[in-house]
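Colleague: Structure in structure tokens, see below.
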Amino acid sequence: MRKNIVAGNWKMNKIFPEGIELIKEIKEKSKELQNVKLIVAPPYIFLNEAGTILSDKQIGLGAQNCSNKINGAYTGEISPEMLTSTNTEYVILGHSERRTYYNETDELINEKIKICIDNRLKPIICCGEVLQEREDNKHFDVIEKQIHGMLKDISEEQIDDIIIAYEPVWAIGTGKTASSEQAQEMHQFIRNIVSKLYNNETANNISILYGGSCKPTNAKELFSNPDVDGGLIGGASLKANDFIEIAKSF
């Protein structure tokens with residue numbers, strides 16, 4: 001059965017003392033939650049300390065990216081093996097900002113997915129269209145191409161460790177939000193792609209998260225859709241109360 005998931009992507013925010021306090025506050029406030037899995041994905045510098053604070057696995061710990069290499073002379077990179085050594089369980093791959101600012105391709109993301117699964121990390125893989133692609137009515141083609149590229153040669157056994165996040169890129173940090181109907185339409189479309197690539201059971205079991213300006217004020221409506229299994233939360237994950245309120249929307 002697929003899980004309800006609310007994952008917080010902190011992006012490049014919070015200095016060390018602030019971030020540790022936020023993790024502790026989220027952990028304390030999360031005790032009242034039911035029927036939802038919380039994941040926090042802070043910057044790399046927090047992972048070791050956060051791995052200790054969250055060692056009971058009540059909240060999942062995620063990284064925002066990783067290398068497609070195991071080790072070696074790759075200055076500035078962080079390997080999947082390094083992440084698992086800090087009790088990190090999840091990793092966000094293919095976020096729109098990585099695609100836009102760092103030119104990450106579906107092929108590279110596919111390599112990262114494989115190496116992460118081999119190192120016991122559960123990938124949260126991102127797909128999404130920019131405003132021009134939606135206005136040109138190409139959004140379905142864009143998403144299908146991304147899903148096929150990222151999941152190339154990923155086995156039925158491996159897909160069980162993957163979470164998909166749909167990001168309408170035009171709704172990230174812009175104040176715009178996809179309507180509940182638009183979110184459901186795309187999530188259903190993604191689930192159908194997974195069904196064709198694998199089977200209905202796999203498609204019905206995979207969690208698909210909405211990742212476009214999800215807030216306490218719109219989370220309940222978004223999460224009420226049958227194919228929306230939670231959210232990949234940006235700005236609202238930097239405030240413990242907002243993050244928990246979103247999780248309570250289930």
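Here, each number is a calculation from the coordinates, and none is a lab measurement. In this text the structure is predicted, and so the values were computed from the model without any measurement. Note: ideal-geometry Cβ built from the backbone for every residue, glycine included; neighbour counts use all protein chains shown.
Colleague: Would you mind checking which residues have amide H under 5 Å from I233's amide H? H placed 1.01 Å from N; only 5 or more apart, or other chain.
Modeller: Sorted by chain and number, the residues that satisfy this are A7, G8, N9.
Colleague: Under a 5 Å amide H to amide H cut-off, with H placed in plane at 1.01 Å, what residues pair with G60 once short-range neighbours are removed?
Modeller: Those qualifying (amide H under 5 Å, at least 5 residues apart or on another chain) are L38, I39, V40.
Colleague: Collect residues whose amide H, placed 1.01 Å from N in the peptide plane, falls under 5 Å from the amide H of L151; neighbours closer than 5 in sequence don't count.
Modeller: Here the answer is none, since no amide H 5 or more places off falls under 5 Å of that of L151.
Colleague: Show that you can apply the helix-only estimate: for the chain, add -39,500 (n - 2.57) for every DSSP H stretch of four or more residues, divide by all residues, and state [θ] at 222 nm to the nearest 500.
Modeller: After summing the helix terms and dividing by residue count, I get -11500 deg cm²/dmol.
Colleague: Highest mean first, what order results for 164-170, 41-47 on Cβ atoms within 10 Å?
Modeller: Ranking the peptides 164-170, 41-47 by packing returns 164-170, 41-47.
Colleague: A further question on this structure: Say each of I45 and T217 gets a label point 7 Å from the Cα, pointing the same way as Cα to Cβ; how far apart are those two points in nm?
Modeller: 3.3 nm
Colleague: Any idea what the dipole of the chain comes to, in debye rounded to 20, about its Cα centre with Lys/Arg Cβ at +1 and Asp/Glu Cβ at -1?
Modeller: 500 debye
Colleague: Next question. Can you find, among M150, P43, G128, the residue sitting farthest towards the positive end of the charge dipole of the chain, where Lys and Arg contribute +1 and Asp and Glu -1 at Cβ?
Modeller: P43
Colleague: Using per-residue counts of other Cβ atoms within 10 Å, averaged over each peptide, order 204-210, 235-241 from highest down.
Modeller: 204-210, 235-241
Colleague: So, one more: If you bin the C-alpha pair distances of the range 5-247 every 5 Å from 0, what whole percents do you get?
Modeller: Here the calculated profile for the range 5-247 is 1, 7, 15, 19, 21, 18, 12, 6, 1, 0.
Colleague: Report the relative contact order of the chain, percent, no decimals, based on alpha-carbon pairs under 8 angstrom and at least 6 residues apart.
Modeller: 22 percent
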